[in-house]
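Trainee: Shown below is the structure under consideration.
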Amino acid sequence: MKRIGLRVKKSRLANGLTQKELAKGICAQATISHLEKGNSQPSLALIVAIYQRLGLKVDNLYEGITTKACYTKIYAQVRTLISQQHYQESLAFLTEKIKINQLENPSEIKQYHYYYGVNTLLGYHTYSDAFYHFSLTLLTKTTNQADHLDLLATNGMGVAYLLNSEPRKAHTYFKKSEQLVKQSLKTVSTLQASSEIAKIYYTLAKYYSRDKEYTKAVEFCEKGIKLQNKHQLKDYLGILYYEKGFNLKKLNQLSEAEDYLVNAFYAAKESKNQCLMDVLKNNQKNDRLDDYPYW
């Protein structure tokens, strides 16, 4: 996309046009500005219209567009594997399909660092790599000022510090992500963001459950479940049901807890979360309820 933006800028200047003049009747001036900087990708129809106004051929436009579409599909598969707790497989898929030095768009770079961080943290427990990639996620700026990846990376830092036995630092990041998640609901506009924010509620529930704040943990689970149901999403529904059932049992609300654990099994089956199904089957076999081992 940066290549397309540079070509547009070069041709615009050669034609003696301002960004405002080029944009007139096609799009906002800001769209031209972001395109030339390589910060965003307008729709294909818009780019074609811009090319036609500049007298540029559209023949080699599609290569850049196709690449972005491929990245979108790759990241979608990475997210699916993460939701099923296949972290090592997800990391292998990410690094095989995408080379970081080939990425130009800040949004794509930001996604790469976040997904690398979460997979190396939960798949391999390599904390230094996780801290490094979460930090780069936060440092990579996009045109979206309310980028949900900042929230995810902040929460990821909390999980990393907790698993690395640094509870005070973990507490700071969990509290910060708790504040950010409240703000994010006003600006979230995609199903992808809504889905991943539901995962934030799950990790916050696990964090408070660990400190025996079971009622607060249940409340976060309920928020995550509500968000998933609102958008008819199922990827994190199973673990949210499980975590709620686990904490309800700690509160001695046994009948309701059992209902949520049954719901967890069916949700896990539907979303193909074999890890969760195995934990539930093992619990039934041993007549106990273990803390779900995945963050």
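The values are calculated or read from the model by the stated rules, or taken from the named source; none is laboratory data. Just so it is clear, the model here is predicted, and its values are computed rather than measured. Neighbour counts run over all protein chains shown; Cβ positions are idealised from the backbone, glycine included.
Trainee: For the stretch 75-97, which residues satisfy the criterion of being β-branched (Val, Ile, Thr) and under 18 Å from residue 152 (Cβ atoms)? Lay out the reasoning, then the answer.
Mentor: Taking the stretch 75-97 and keeping what is β-branched (Val, Ile, Thr), we get 78, 80, 82, 95.
Listed by number, the residues that qualify are 78, 80, 82.
Rundown of residues vs (1) over 30 Å from residue 264 (Cα atoms); (2) modelled with pLDDT under 90; (3) surrounded by 14 or more Cβ atoms within 10 Å (Cβ to Cβ), yes/no style:
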residue	(1), (2), (3)
68	yes, yes, yes
72	no, yes, no
75	no, no, yes
93	no, no, yes
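Trainee: Here is a follow-up. Would you check if residue 74 is in contact (Cβ under 8 Å) with a residue 24 or more places away in the chain and in a helix (DSSP H, G or I)? Break it down stepwise before answering.
Mentor: Details: in contact (Cβ under 8 Å) with a residue 24 or more places away in the chain: yes; in a helix (DSSP H, G or I): yes.
Yes; evaluated as a whole, the condition is true for this residue.
Trainee: Oh, and also: Return yes or no: is residue 209 outside any loop (DSSP other than H, G, I, E, B) and within 29 Å of residue 34 (Cα to Cα)?
Mentor: On the way: outside any loop (DSSP other than H, G, I, E, B): yes; within 29 Å of residue 34 (Cα to Cα): no.
When the stated conditions are applied, residue 209 does not pass them.
Trainee: Which of the residues that make up the stretch 254-278 are surrounded by 16 or more Cβ atoms within 10 Å (Cβ to Cβ) and closer than 23 Å to residue 212 by Cα?
Mentor: 257, 260, 261, 264, 276
Trainee: Read through the list (1) part of a helix (DSSP H, G or I); (2) in the same structural domain as residue 17 (by TED's automatic domain parsing), then give the number of the only condition that residue 120 fails.
Mentor: (2)
Trainee: Here is a further query. On the basis of being touching a residue at least 24 places away in the same chain (Cβ under 8 Å), on the phi > 0 side of the Ramachandran plot and over 15 Å from the mean Cα position of the chain (by Cα), does residue 55 make the cut? Lay out the reasoning, then the answer.
Mentor: Values: touching a residue at least 24 places away in the same chain (Cβ under 8 Å): yes; on the phi > 0 side of the Ramachandran plot: yes; over 15 Å from the mean Cα position of the chain (by Cα): yes.
Yes; evaluated as a whole, the condition is true for this residue.
Trainee: Something else about it: With 22, 44 as the choices, which residue is modelled with pLDDT of 85 or more and not assigned by TED's automatic domain parsing to the domain that holds residue 103?
Mentor: Values: 44 fails: modelled with pLDDT of 85 or more.
After ruling out the rest, the residue left standing is 22.
Trainee: Can you tell me which residues in the stretch 138-192 are out of contact with any helix residue (DSSP H, G or I) (no Cβ under 7 Å at 6 or more places or on another chain), hydroxyl-bearing (Ser, Thr, Tyr) and part of a loop (DSSP other than H, G, I, E, B)?
Mentor: Matches in the stretch 138-192: 165, 187, 189, 190.
Trainee: For the stretch 126-137, name all the residues that are among the polar types (S, T, N, Q), closer than 18 Å to residue 108 by Cα and touching a helix residue (DSSP H, G or I) at 6+ places or on another chain (Cβ under 7 Å). Talk me through it step by step, then tell me what you get.
Mentor: Initial filter on the stretch 126-137 (among the polar types (S, T, N, Q)): 126, 128, 135, 137.
From what's left, closer than 18 Å to residue 108 by Cα: 135, 137.
Of everything in the stretch 126-137, just one residue is among the polar types (S, T, N, Q), closer than 18 Å to residue 108 by Cα and touching a helix residue (DSSP H, G or I) at 6+ places or on another chain (Cβ under 7 Å), namely 137.
Trainee: List every residue pair whose Cβ atoms lie under 6 Å apart, where the two residues are 6 or more positions apart in sequence or sit on different chains, the first residue falls within the stretch 168-192 and is of a type in the set (A, V, I, L, M, F, W, C), and the second residue, located anywhere, is in a helix (DSSP H, G or I) and at pLDDT 90 or above.
Mentor: 170/158; 170/161; 170/162; 174/158; 174/207; 180/151; 181/200
Trainee: Something else about it: If you go through the stretch 111-126 one residue at a time, do you hit one that is surrounded by fewer than 18 Cβ atoms within 10 Å (Cβ to Cβ) and on the phi > 0 side of the Ramachandran plot?
Mentor: yes
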